[in-house]
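Asks: So that we are looking at the same thing, I have put the structure below in structure tokens.
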Amino acid sequence: MNVKTLPFASLIEHPLLVDPAAAGDDCVVSTNPATGEALGAVRLQSRADYESLVERAQLVQKSWRQLPAPKRGEIVRRIGNAFREHEQELGALVTMEMGKILPEGIGEVVECIDIADFSVGLSRQLYGLTMVSERPQHRMYEQWHPLGTIGIITAFNFPVAVWAWNAMLAAVCGNTMIWKPSLVTPLCAIAMNNIAHRVMREQDIFQPEEGDPCDIFGLIIGSDDEVGETMIADRRLPLISATGSCRMGRHVGTQVAKRLGKSLLELGGNNAIIITPSADLDLVLRGVVFGAVGTAGQRCTSTRRLFCHSSVVDDVTARLVKAYGQVPVGDPMDSSTLVGPLINSQSVDGMRNAITKAAEQGCEILCGGTEGIDQYADSAGNYVTPTIVRVPAGQDPEIAREETFAPVLYIFEYENLEDAVEAQNSVDQGLSSAIFTDSMREAERFLSHDGSDCGIANVNIGTSGAEIGGAFGGEKDTGGGRESGSDSWRQYMRRQTCTLNWGDDLPLAQGIEFG
Ligand code: UN1
């Protein structure tokens, strides 16, 4: 099915779209991971296109930053409403291009709407502190200014929401931006950017010489080599916000640091749930299944490891194996499906390798496994069977330390909570974590300084599915960035400390007498 035949094809109209049959080397073809069909093709943009986008974004930023923040918020409100209007179509497009099931595709669009609403409120709350000066007749305060034009790099797994987290905040903060989406999901990017541009075209805010309001939301669909490298090395972009693998983040972080730019990195996770003897096992089952097989294990917050107390490990394992046996894998558009395809065949190979290594490293494959992958060998979609791996007591297989972007769950057992927390924290990544317990002491222990070392720590909730209102991100190899809610907006602004002397004298700080 070609996107041109979709009922909402007008959302994806773009001069760069070409017929997949006519796509050459200079194009990227967007493929439906459930069917293998080409949805559309996009001609890749060049460094020259990037140059012109940055120039235009810089020009219009001068005008955009002059608009009072609540006025920018009003425009973001209209963009959020436009997302709302197209919620179902956009959700379907996310499902078609990325492969997550439709309720999750729509859920992703809801995240975009939520962050737009959040940003509208924020546009009246870009607060700075007032300090008390040590000098008489002096006033001291801080204020926040826009950064300028920022770069946003996003991954395939959340092809619309992560852009919206960055873009909606960045816009109310007075920035303009250049978005480089994953080349696997260019159509979602085009649709979102088109919606933003439609709203911007309706705004009569600038004279022609002040810049084109559409250039506030720039989109570049280009290769990592030609465009990505240029972008991260570009001193005109004071902030690069990048989501993706730890490998990618290490490269982006280093390149941006070389020019002393700021980076906001949201990288891989290897998230664990600890299940204590008092845990409500019905909740556990629901939390673990959603966390581990939801989005086919392709969230950075997906649950990858379970630490079960030895008194419950057999029960939890038996219940999970039973539940996994009933998880419907298939067409992500079908309302009975819970697990859609992986994004591409390399991901399927990655899952196969992980399972093979787990077996080689002494683990027991309880369900799914390589047979569960082979079972779909004749399918045009990248389907796999969610897999549970039991780690023998006392073992620490190397493969469970890696983030395999697929539904593979490793079950460990533990005797005391301290050991479980230590094991949970012992991996390189530090994004999300959870404990299921009815013990207040265990919960507080988990949330204490000696507890989880992750950016997200939940009690009786799984590791994935965070709300936009909290700051999202993690520690260690997850990159340290925080996106979305709370005070993440500050990263899109520069802080200025201002001291005003309204007296007739010039007293110096620290009581220094000079001359
Ligand atoms: C991601 O996988 O990069 O908390 C983002 C969650 C979603 C966002 C995940 N709200 O699972």
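Asks: Specify which of the listed residues (287, 291, 261, 253) is open to solvent by less than 10 Å² (accessible area, probe 1.4 Å) and small (Gly, Ala, Ser).
Replies: Values: 287 fails: open to solvent by less than 10 Å² (accessible area, probe 1.4 Å); 261 fails: open to solvent by less than 10 Å² (accessible area, probe 1.4 Å); 253 fails: open to solvent by less than 10 Å² (accessible area, probe 1.4 Å).
Unique residue meeting the criteria: 291.
Asks: Filter the stretch 470-484 down to the residues that are away from the ligand (no atom under 11 Å from the Cβ) and either open to solvent by less than 30 Å² (accessible area, probe 1.4 Å) or not in a strand (DSSP E or B) (or both) and list them by number.
Replies: First, pick out the residues of the stretch 470-484 that are away from the ligand (no atom under 11 Å from the Cβ): 471, 475-477, 479-482.
Listed by number, the residues that qualify are 477, 479, 480, 481, 482.
Asks: Turning to a different aspect of this structure: Run down 379, 347 and say which single residue is in contact (Cβ under 8 Å) with a residue 12 or more places away in the chain, in the same structural domain as residue 296 (by TED's automatic domain parsing) and either under 18 Å from residue 37 (Cβ atoms) or open to solvent by less than 40 Å² (accessible area, probe 1.4 Å) (or both). Before the answer, list the steps.
Replies: Values: 379 fails: in contact (Cβ under 8 Å) with a residue 12 or more places away in the chain.
None of the others qualify; the one that does is 347.
Per-residue answers, yes or no, for (1) at pLDDT 95 or above; (2) among the hydrophobic types (A, V, I, L, M, F, W, C); (3) part of a strand (DSSP E or B); (4) in the same structural domain as residue 282 (by TED's automatic domain parsing):
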| site | (1), (2), (3), (4) |
| --- | --- |
| 427 | yes, yes, no, yes |
| 435 | yes, yes, yes, yes |
| 443 | yes, yes, no, yes |
| 449 | yes, no, no, yes |
| 452 | yes, no, no, yes |
| 464 | yes, no, no, no |
| 491 | yes, no, no, no |
| 510 | yes, no, no, no |
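The values are calculated or read from the model by the stated rules, or taken from the named source; none is laboratory data. The model shown is predicted, which means the values in this text are computed figures rather than measured ones. Note that we place each Cβ from the backbone using ideal geometry, even for glycine, and neighbour counts take in every protein chain shown. When the accessible area is computed, the model is the full protein with side chains, heavy atoms only, and any ligands, DNA or RNA have been set aside. Shrake-Rupley method; radii C 1.70, N 1.55, O 1.52, S 1.80 Å.
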